[in-house]
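Trainee: This structure is in structure tokens; I'll ask about it shortly.
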Amino acid sequence: MAPSTQFEVSQPPNDVISAVVFAPDNTNRLLVSSWDRNVYLYEIAEGTEDATLLNKFEHRAPILDVCFGANGNEAYTAGLDCSVKRIDLSSGEQTVLSTHEKPVRCVVYSPQHSMLISASWDHTLHVHNTSAPASTPITISLPGKPHALAASPSKVVVAMTARLVHIYDLPALAAALSSADPASATITPWQQRESSLKFLTRAVACMPNDAGYATSSIEGRVAVEWFEDTAESQARKYAFKCHRQTAPEEEGGGDVVYPVNALTFHPVYGTFASGGGDGTVALWDAEAKRRMRQYQKFPDSVAALSFSNNGKYLAIGVCRGFETGMENFDSEGRAKVFIRELGETEAKGKGPK
Amino acid sequence: MGKKKRGHPDVEELLARPWCYYCERDFEDLKLLISHQKAKHFKCDRCGKRLNTAGGLSVHMNQVHKEALDKVENALANRQGLDIEIFGMEGVPDDIVQQHNQRIITNFYTAQAERHAATGNPPPGHAGGQGPAKKIKMETPEELKKRLADHRAKVAQIKANGGTLPVPVVVPKSQQQQQQQAQVPASVSPVAGQSPAQGASPFPPPQPGFPYPPPVGVMPGAFPPPVQPGVVVGAYPPVFPPRPTTGGTTLPHMPPYYNGGPPGGGGAGGYPGAASTVDELVSGAARQGGGGGDEIDQLIRAAEQGQGSKPPPGARAGEDAGAEKKGKGKDKHMRMVYGDSEVSPEEKMALLPRYAVAAA
Ligand SMILES: [Zn+2]
Ligand SMILES: [Zn+2]
């Protein structure tokens, strides 16, 4: 097995990283969004241990999330200035797709349905048909403030405050969008769940096989559950502690519990990685329910993770994490992006026994 | 050693064989053990390099692959730790050596008893046995027989005490474990006594799915109650999920296997007070398979079945019970680096002047 390598991107953002994401159609291309108001487009030079900064797209406000659109030349951003923007990555042209009443926390693109969904602290989702940019978006009211959003081929999962989790059916949303009067369409969640985690949700990621999703919380814990609403499927769900450290005995012992900021599923093997405020990344086998690997500690909190479309690379956004009591939070110059090239079977699980 | 393969090795021979701390396999000689350890337990799964110790592998993984070794591969669930440095037979803790020897002895007599039951042959040492007594190595057959007699006396004593175990003796592990299993439900089941939040947890307190080898020093366990003493958290959202509908009818929070072993495993056979001889006890334990039997044997079986680091269901009950106790104590000191469950870090950051949105 070829030894895996890891390198640091040479021109990282200057401030907190909100998202890292690989392109859907290009293994070497990735976007990084930052609170420094820029979106960074990098390309990994094949065979080298470097990623070149191809372009930088400045916004007028910090960017809380970024995703690719239909291909590697299109991106969407979630802005603290309440706007959802589309960026043409070739020309650099930015267009406002939608404006929320409060900052936009997350954006997610469904390639299967050509839909862009944004989640905002104004307690709404906006659903856009991106194949008809001028068409009316659907606004869905949420019972809580959304903090994490993820899409599988057929579902979108929204995690909110008060442990609320709504799952929407993407084909149903697509049908509503193409109806005569999308604005008046009544959208109800396909499922409403209570979060399996007791504390605030930090991240959601969906299984690439459309079977379920994982959530993580500020309290060093990850839950894995399945969409199917049968007793058997629901009995399979589980949660476990992670991203914790034992405090030294001199400090009274016990656990220091870190938020689990990032989750990402491997597109081929269905295993997943978690990244935490403890600066570690762990690889988990969701089926066999075991930890496969834990990577060497990074210099700061792990803020974001993404596997490339073929699972060859894992991008790791590392920066200072906001912790309780950090009134004078300053994270400038501490952001780093690491690219790990995985060994062929590094992320391959053993499957259930 | 190793000069004859025919017949059955005697117990001294078995006890003298080098064996592997990590997986309890035994070997003809020390060289084979060491190469086994290098191949099975100290091999880098990234580049195939074989190191001499777990510590050596840890350093290698760190330096060459920038990865942290968090456990020893292919080891029994409770032997995966990196805190013990093993090389061949060196470094094995005394209590583990004792446990190993005890297991060999118990298994030896189990096998012997079964052979005798099957063939009708008298045990060795008696007229017509399997040949002359071997030269004495560690413990003579007489000494072992004395131990057996002690067993019997202890068992009789247990029976006389109405099934109460006195001090831990050579009573087969299965017995202790069954007792443990029998106690577990009582200590976990009272739903009424739990805090509402705990009672309504979507996961049973000893999480059935808690499969991962815990990080060093962190025991997997029950969900802590939402607000811990000494934990800085915001007001907790007063929303609780509905009671789970899965699980047993009498113990709704118990995973199905919690009542002792998998169905058919025989682990829930109750306290074996009725068994009258050691042989019956040990062969009974052997018959019980997955549900009972020696703890180490269970782990080995589980490993052989490819369950890897997953503890077998039978072992889990006891483990979870322990983890829960430990977890409760630990959670008192739990410190969350971010403790606000109402307002996200991003919302707090958004209020900082440096992130203020420039006027359009
Ligand atoms: Zn071994
Ligand atoms: Zn190696």
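The values are calculated or read from the model by the stated rules, or taken from the named source; none is laboratory data. Computed from a predicted model, the values in this text were never measured in an experiment. Counting neighbours? That spans all protein chains shown, and the Cβs are built from the backbone with ideal geometry, glycine included. The accessibility values were calculated without ligands, DNA or RNA, using every heavy atom of the protein model including side chains. Shrake-Rupley method; radii C 1.70, N 1.55, O 1.52, S 1.80 Å.
Condition check ((1) more than 11 Å from ligand 2 (Cβ to nearest atom); (2) among the acidic types (Asp, Glu); (3) in contact with a Leu (Cβ under 8 Å, 6 or more places away or on another chain)) across all residues:
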{"position": "B:Asp29", "(1), (2), (3)": "yes, yes, no"}
{"position": "B:Ile34", "(1), (2), (3)": "yes, no, no"}
{"position": "B:Lys38", "(1), (2), (3)": "yes, no, yes"}
{"position": "B:Asp45", "(1), (2), (3)": "no, yes, no"}
{"position": "B:Gly48", "(1), (2), (3)": "no, no, no"}
{"position": "B:Gly55", "(1), (2), (3)": "yes, no, yes"}
{"position": "B:Gln63", "(1), (2), (3)": "no, no, no"}
{"position": "B:Asn74", "(1), (2), (3)": "yes, no, no"}
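Trainee: Residues in the range B:30-49: is at least one within 14 Å of ligand 1 (Cβ to nearest atom) and closer than 30 Å to A:Phe7 by Cβ?
Mentor: Yes - at least one qualifying residue is present in the range B:30-49.
Trainee: For the range A:322-335, state whether one or more residues are among the hydrophobic types (A, V, I, L, M, F, W, C), within 12 Å of another protein chain (Cβ to nearest Cβ) and open to solvent by 20 Å² or more (accessible area, probe 1.4 Å).
Mentor: Step one: list which residues in the range A:322-335 are among the hydrophobic types (A, V, I, L, M, F, W, C), which gives A:322, A:326, A:329, A:335.
Now restrict to residues that are within 12 Å of another protein chain (Cβ to nearest Cβ): A:322, A:326, A:329.
Next cut, open to solvent by 20 Å² or more (accessible area, probe 1.4 Å) only: A:322, A:326.
Yes, there is a match, as at least one residue in the range A:322-335 is among the hydrophobic types (A, V, I, L, M, F, W, C), within 12 Å of another protein chain (Cβ to nearest Cβ) and open to solvent by 20 Å² or more (accessible area, probe 1.4 Å).
Trainee: Here is a further query. Scanning for something open to solvent by 10 Å² or more (accessible area, probe 1.4 Å) and among the acidic types (Asp, Glu), does the range A:253-275 turn up at least one residue?
Mentor: So far as the range A:253-275 goes, no, none of its residues is open to solvent by 10 Å² or more (accessible area, probe 1.4 Å) and among the acidic types (Asp, Glu).
Trainee: A:Gly92 - would you say it is part of a loop (DSSP other than H, G, I, E, B), over 22 Å from B:Val343 (Cα atoms) and not acidic (Asp, Glu)?
Mentor: Judged against the criteria, A:Gly92 is a match.
Results for (1) more than 16 Å from ligand 1 (Cβ to nearest atom); (2) open to solvent by 80 Å² or more (accessible area, probe 1.4 Å); (3) modelled with pLDDT under 85, shown as yes or no for each residue.
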residue: B:Asn74; (1), (2), (3): no, yes, no
residue: B:Leu82; (1), (2), (3): no, no, no
residue: B:Ile96; (1), (2), (3): no, no, no
residue: B:Ala113; (1), (2), (3): yes, no, yes
residue: B:Gly120; (1), (2), (3): yes, no, yes
residue: B:Gly125; (1), (2), (3): yes, no, yes
residue: B:Met138; (1), (2), (3): yes, yes, yes
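Trainee: Which number in (1) within 29 Å of A:Phe307 (Cβ to Cβ); (2) more than 12 Å from chain B (Cβ to nearest Cβ) marks the one condition that A:Arg244 misses?
Mentor: All conditions are met except number (2).
Trainee: Given the criterion assigned to a loop (DSSP other than H, G, I, E, B) and either under 18 Å from A:Val20 (Cβ atoms) or touching a Lys or Arg at 6+ places or on another chain (Cβ under 9 Å) (or both), identify the matching residue among A:Glu43, A:Glu101, A:Glu49.
Mentor: Just one listed residue meets the conditions, A:Glu49.
Trainee: Taking the conditions exactly as written (open to solvent by 60 Å² or more (accessible area, probe 1.4 Å), touching an Asp or Glu at 6+ places or on another chain (Cβ under 9 Å) and basic (Lys, Arg)), does B:Lys43 satisfy them or not? Quick ask: steps written out before the conclusion?
Mentor: Details: open to solvent by 60 Å² or more (accessible area, probe 1.4 Å): yes; touching an Asp or Glu at 6+ places or on another chain (Cβ under 9 Å): yes; basic (Lys, Arg): yes.
Judged against the criteria, B:Lys43 is a match.
Trainee: Quick check on my filter: what residues within the range A:307-321 are farther than 20 Å from B:Asp45 by Cβ, open to solvent by 10 Å² or more (accessible area, probe 1.4 Å) and away from chain B (no Cβ under 12 Å)? Please lay out each step first, then the result.
Mentor: Within the range A:307-321, the subset farther than 20 Å from B:Asp45 by Cβ is A:308-310, A:315-321.
Subsequent filtering for residues that are open to solvent by 10 Å² or more (accessible area, probe 1.4 Å) retains A:309-310, A:320-321.
If the condition is that a residue be farther than 20 Å from B:Asp45 by Cβ, open to solvent by 10 Å² or more (accessible area, probe 1.4 Å) and away from chain B (no Cβ under 12 Å), then A:Asn309, A:Asn310 are the ones that fit.
Trainee: Being more than 7 Å from chain A (Cβ to nearest Cβ) and touching a residue at least 24 places away in the same chain (Cβ under 8 Å) is the filter here; which residues of the range B:341-353 pass it?
Mentor: B:Val343
Trainee: Next question. Could you please find all residues in the range A:7-56 being in contact with an Asp or Glu (Cβ under 7 Å, 6 or more places away or on another chain) and within 14 Å of chain B (Cβ to nearest Cβ)?
Mentor: Listed by number, the residues that qualify are A:Phe7, A:Pro13, A:Asn14, A:Asp15, A:Ser18, A:Ala19, A:Ser33, A:Ser34, A:Trp35, A:Asp36, A:Arg37, A:Asn38.
Trainee: Out of the range B:53-72, which residues are in contact with a helix residue (DSSP H, G or I) (Cβ under 7 Å, 6 or more places away or on another chain) and within 14 Å of ligand 1 (Cβ to nearest atom)? Let's see the steps before the verdict.
Mentor: Filtering the range B:53-72 for residues in contact with a helix residue (DSSP H, G or I) (Cβ under 7 Å, 6 or more places away or on another chain) gives B:67-69, B:72.
Listed by number, the list holds a single entry, B:Val72.
Trainee: Please determine whether any residue of the range A:141-148 is open to solvent by 20 Å² or more (accessible area, probe 1.4 Å), in contact (Cβ under 8 Å) with a residue 12 or more places away in the chain and in a loop (DSSP other than H, G, I, E, B).
Mentor: yes
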